[in-house]
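*Asks:* Just dropping this structure here.
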Amino acid sequence: MPHAAAPVVTIDGPSGAGKGTVSRGLAKRLGWHLLDSGALYRVAALAGQRAGLAANDQDGHAVLAATLKIVFSAHPDGSEQILLDGQDVTRAIRSEEAGAGASRVATWPALRQALMARQHAFARPPGLVADGRDMGTVVFPGAALKIFLVASPEERAQRRYNQLKGKDSGVSLAALSREIEARDRQDSTRPVSPLVRAEDAIVVDSTRLGIAEVVEAIWRLGAQRGLWQG
Ligand code: C5P
């Protein structure tokens with residue numbers, strides 16, 4: 001396995017369950033690398049659009065995805081920055097439209113395969129926290145700890161709304177609920193790498209928990225398994 005050199009914790013689940021924030025918090029606490037795999041799908045969709053590819057050009061998108069020049073870096077203030085061909089796309093990929101575009105290209109097997117090696121390359125010592133939909137089932141099936149993070153649909157829509165307020169003007173809570181529901185359906189019912197819980201994943205429900213409490217719960221699970229010292 002190309003990623004056996006470093007321990008991997010996978011955090012999968014539906015949109016808005018808090019995967020991104022929790023994964024970042026856990027990676028920071030451990031001093032491990034972080035893979036935001038959703039960002040790769042978002043960038044792939046955006047790159048296709050910018051290159052003028054037809055929306056249904058699966059092969060063109062896959063070729064593009066295999067050669068994308070993406071850089072994940074941190075601003076001096078610690079916030080995340082994502083560059084595509086040297087251009088800052090951090091904000092552009094976070095809109096609901098970009099999320100829907102990502103969900104569409106994510107149904108294409110050739111594109112998913114094109115992103116595989118790039119995802120494996122994130123697994124480097126001392127370890128990796130990988131956030132996505134198929135991290136525990138397909139990309140890192142041998143992960144040392146697999147979490148399936150869930151929250152009620154109402155809570156997820158509300159969190160997404162709070163996140164987007166001010167960034168994506170014109171979003172409404174009702175519209176977001178519908179979009180999240182549509183994206184969940186598309187992600188869970190697609191034939192390739194659907195959003196499903198890995199058999200050996202532990203379900204963590206974040207509906208009534210704060211970020212720090214969820215990170216703490218996962219930390220304890222890892223310590224129990226001897227992945228790190230509690
Ligand atoms: O996690 P995020 O909302 O950024 O993901 C955007 C979309 O990318 C998801 O709705 C999903 O369709 C797709 N995705 C995926 N597999 C992953 C991560 C994201 O199919 N590992």
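*Asks:* Pick out, from region 12-111, the helices (runs of 4 or more DSSP H) lying fully within it that include 2 or more residues that are touching a residue at least 60 places away in the same chain (Cβ under 8 Å) and closer than 30 Å to Trp228 by Cα.
*Replies:* On the way: elements: 19-30, 37-50, 58-66, 96-105.
The helices (runs of 4 or more DSSP H) meeting that bar are 19-30, 37-50.
*Asks:* While we're on this one: How many residues, within region 10-19, are out of contact with any Asp or Glu (no Cβ under 6 Å at 6 or more places or on another chain) and closer than 14 Å to Arg160 by Cα?
*Replies:* Qualifying residue count, region 10-19: 4.
*Asks:* Turning to a different aspect of this structure: I need the full set of residues from region 53-89 which are at negative phi and charged (D, E, K, R), in order please.
*Replies:* Asp57, Asp59, Lys69, Asp77, Glu80, Asp88
*Asks:* Does Ala117 qualify as being at pLDDT below 95, in a helix (DSSP H, G or I), closer than 18 Å to Ser193 by Cβ and within 16 Å of the ligand (Cβ to nearest atom)?
*Replies:* For Ala117, the condition - at pLDDT below 95, in a helix (DSSP H, G or I), closer than 18 Å to Ser193 by Cβ and within 16 Å of the ligand (Cβ to nearest atom) - is met.
*Asks:* Sticking with this structure for a sec: Look at Arg24 and say whether it is surrounded by fewer than 19 Cβ atoms within 10 Å (Cβ to Cβ), of a type in the set (Lys, Arg) and within 14 Å of the ligand (Cβ to nearest atom).
*Replies:* On the way: surrounded by fewer than 19 Cβ atoms within 10 Å (Cβ to Cβ): yes; of a type in the set (Lys, Arg): yes; within 14 Å of the ligand (Cβ to nearest atom): yes.
Answer is yes for this residue.
*Asks:* I need the helices (runs of 4 or more DSSP H) fully contained in region 146-225, keeping only those with at least 3 residues that are free of Cβ contacts under 8 Å to residues at least 60 places away in the same chain and either open to solvent by less than 30 Å² (accessible area, probe 1.4 Å) or within 16 Å of the ligand (Cβ to nearest atom) (or both).
*Replies:* Passing ranges, in order: 153-164, 173-189.
*Asks:* If you scan region 88-123, which residues turn out to be under 17 Å from Asp59 (Cβ atoms) and open to solvent by 30 Å² or more (accessible area, probe 1.4 Å)?
*Replies:* Within region 88-123, Arg104, Thr107, Pro109, Ala110, Gln113, Met116 qualify.
*Asks:* Return a yes/no flag: does region 120-129 have any residue that is assigned to a helix (DSSP H, G or I), of a type in the set (Val, Ile, Thr) and within 14 Å of Gly38 (Cα to Cα). Spell out how you get there, then give the answer.
*Replies:* To start, the set of residues in region 120-129 that are assigned to a helix (DSSP H, G or I) comprises 120.
Checking the rest, the ones that are also of a type in the set (Val, Ile, Thr) come to none.
Checking region 120-129: not a single residue is assigned to a helix (DSSP H, G or I), of a type in the set (Val, Ile, Thr) and within 14 Å of Gly38 (Cα to Cα).
*Asks:* Being under 16 Å from the mean Cα position of the chain (by Cα) and either within 11 Å of the ligand (Cβ to nearest atom) or open to solvent by 10 Å² or more (accessible area, probe 1.4 Å) (or both) is the filter here, so list the residues in region 124-140 that pass it.
*Replies:* Across region 124-140, the qualifying residues are Ala130, Asp131, Gly132, Arg133, Asp134, Met135, Gly136, Thr137, Val138, Val139, Phe140.
*Asks:* One residue is enough: does region 31-39 have a residue meeting the conditions open to solvent by 30 Å² or more (accessible area, probe 1.4 Å) and within 28 Å of Pro153 (Cα to Cα)?
*Replies:* The answer is yes; a qualifying residue exists.
The values are calculated or read from the model by the stated rules, or taken from the named source; none is laboratory data. This structure is a prediction, so every number in the text was calculated from the model and none was measured. Here Cβ is always computed from backbone atoms with ideal geometry, including for glycine, and neighbour counts include all displayed protein chains. For accessibility, only protein heavy atoms count, side chains too; no ligands or nucleic acids. Shrake-Rupley method; radii C 1.70, N 1.55, O 1.52, S 1.80 Å.
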